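Undergrad: My questions all concern the structure below.
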Ligand SMILES: Nc1ncnc2c1ncn2[C@@H]1O[C@H](COP(=O)(O)OP(=O)(O)OP(=O)(O)O)[C@@H](O)[C@H]1O
Ligand SMILES: [Mg+2]
């Protein structure tokens, strides 16, 4: 069981898209998933509720606030295989509570300075929790909406900034793909979109699967494969 939180204080960084991909990807693998929606605009709640073929093992809770989110996260963690929290794009008490109570915080960052600044605010909060309360929050930055063809100067600037701060990057970035927008328009996860209607669908599906794998890899002990080999 792991609690994943997607955080960036800048709106539009790609949090809800990543939450939708991870939640549906895990549910499709048969895992029991609960999404906690702390965004009053309820984008992820609306998507899960609108799915034309709902997953019986994917639930969503709306209207989480700083007064109830910790209790909701703990209750969901007792029921589900994985809990995923979608935060709004703003610094808030809710974000601080949620980040401190998560097993993994993933910070989506697009190749633009505003997004990087919003991501840095989350990193500063994580550093503050460590310094003032000795709370260690495992975390990784995930590059989002990456241009599939070009590594732009802006993207390189973000990479350089992150590396200079010793920030861990998630192994898989989410590429800019029509499928990742259209899954909201068609109320369907990427694996159920129609290839005749959506360009580069297979590439998007592969990217989404790799992203789910990368998130799951965070939940495994780093030396898991070595121990498995020793035990074999
Ligand atoms: N990888 C991607 N490919 C194509 N479009 C994307 C991708 N990621 C996000 N988008 C689009 O970018 C916009 C913002 O994404 P999203 O809603 O996921 O961001 P957010 O961080 O949740 O924003 P907010 O803080 O406002 O909740 C949306 O229109 C979404 O469809
Ligand atoms: Mg969102």
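The values are calculated or read from the model by the stated rules, or taken from the named source; none is laboratory data. Worth saying up front: this structure is predicted, and the values here are computed from it rather than measured. Backbone-built Cβ (ideal geometry, glycine too); neighbour counts: all protein chains shown.
Undergrad: Tell me the residue from 15, 10 that is near ligand 1 (Cβ under 10 Å from one of its atoms) and at pLDDT below 95, please.
TA: Working: 15 fails: at pLDDT below 95.
Answer to the selection: 10.
Undergrad: Looking at (1) closer than 30 Å to residue 30 by Cβ; (2) in a helix (DSSP H, G or I); (3) at pLDDT below 90, which is the one condition that is false for residue 75?
TA: Evaluating residue 75 over (1) closer than 30 Å to residue 30 by Cβ; (2) in a helix (DSSP H, G or I); (3) at pLDDT below 90 leaves (3) as the failure.
Undergrad: With segment 114-225 as the region, which helices (runs of 4 or more DSSP H) entirely inside it contain at least 1 residues that are more than 16 Å from ligand 1 (Cβ to nearest atom), modelled with pLDDT of 95 or more and touching a strand residue (DSSP E or B) at 6+ places or on another chain (Cβ under 9 Å)? I'd like the intermediate steps shown before the answer.
TA: On the way: elements: 153-164, 178-185, 201-218.
Hits in segment 114-225: 201-218.
Undergrad: Still on this structure, I have one more. Only one of 96, 101, 75, 2 is out of contact with any helix residue (DSSP H, G or I) (no Cβ under 9 Å at 6 or more places or on another chain) and away from ligand 1 (no atom under 14 Å from the Cβ); which? Steps first, please.
TA: Working: 96 fails: out of contact with any helix residue (DSSP H, G or I) (no Cβ under 9 Å at 6 or more places or on another chain); 101 fails: out of contact with any helix residue (DSSP H, G or I) (no Cβ under 9 Å at 6 or more places or on another chain); 2 fails: out of contact with any helix residue (DSSP H, G or I) (no Cβ under 9 Å at 6 or more places or on another chain).
After ruling out the rest, the residue left standing is 75.
Undergrad: Tell me which residues, restricted to segment 78-93, are within 16 Å of ligand 1 (Cβ to nearest atom) and either assigned to a loop (DSSP other than H, G, I, E, B) or out of contact with any strand residue (DSSP E or B) (no Cβ under 7 Å at 6 or more places or on another chain) (or both). Please lay out each step first, then the result.
TA: First, pick out the residues of segment 78-93 that are within 16 Å of ligand 1 (Cβ to nearest atom): 84-92.
Answer for segment 78-93, where residues must be within 16 Å of ligand 1 (Cβ to nearest atom) and either assigned to a loop (DSSP other than H, G, I, E, B) or out of contact with any strand residue (DSSP E or B) (no Cβ under 7 Å at 6 or more places or on another chain) (or both): 87, 88, 89, 90, 91, 92.
Undergrad: Under 9 Å between Cβ atoms, which residue pairs at least 6 apart in sequence (or on different chains) link something in segment 191-215 that is at positive phi with a partner that is in a loop (DSSP other than H, G, I, E, B) and surrounded by 20 or more Cβ atoms within 10 Å (Cβ to Cβ)?
TA: So the pair list comes out as 200/177.
Undergrad: Let me ask something additional. Just give me the residues in segment 21-42 being surrounded by fewer than 18 Cβ atoms within 10 Å (Cβ to Cβ) and under 20 Å from residue 181 (Cα atoms), in sequence order.
TA: Within segment 21-42, 41, 42 meet the criteria.
Undergrad: Answer with yes or no whether residue 83 is touching a helix residue (DSSP H, G or I) at 6+ places or on another chain (Cβ under 6 Å) and buried (at least 16 other Cβ atoms within 10 Å of the Cβ). Don't jump to the end; show me each part of the working.
TA: Details: touching a helix residue (DSSP H, G or I) at 6+ places or on another chain (Cβ under 6 Å): yes; buried (at least 16 other Cβ atoms within 10 Å of the Cβ): yes.
Considered against the rule, which asks whether it is touching a helix residue (DSSP H, G or I) at 6+ places or on another chain (Cβ under 6 Å) and buried (at least 16 other Cβ atoms within 10 Å of the Cβ), residue 83 comes out as yes.
Undergrad: Would you confirm whether or not segment 47-68 contains a residue that is under 25 Å from residue 205 (Cβ atoms), in a helix (DSSP H, G or I), touching a helix residue (DSSP H, G or I) at 6+ places or on another chain (Cβ under 7 Å) and modelled with pLDDT of 95 or more?
TA: Within segment 47-68, the subset under 25 Å from residue 205 (Cβ atoms) is 47-60.
Narrowing the set further to residues that are in a helix (DSSP H, G or I) leaves 47-50.
Remaining after also requiring touching a helix residue (DSSP H, G or I) at 6+ places or on another chain (Cβ under 7 Å): 47.
Then keep just the ones that are modelled with pLDDT of 95 or more; that gives 47.
The answer is yes, given that some residue of segment 47-68 is under 25 Å from residue 205 (Cβ atoms), in a helix (DSSP H, G or I), touching a helix residue (DSSP H, G or I) at 6+ places or on another chain (Cβ under 7 Å) and modelled with pLDDT of 95 or more.
Undergrad: With in contact (Cβ under 8 Å) with a residue 40 or more places away in the chain and away from ligand 2 (no atom under 16 Å from the Cβ) as the only criterion, which of 44, 84, 3 stands out?
TA: Numbers: 44 fails: away from ligand 2 (no atom under 16 Å from the Cβ); 84 fails: away from ligand 2 (no atom under 16 Å from the Cβ).
Step by step, each of 44, 84, 3 is checked, and only 3 is in contact (Cβ under 8 Å) with a residue 40 or more places away in the chain and away from ligand 2 (no atom under 16 Å from the Cβ).
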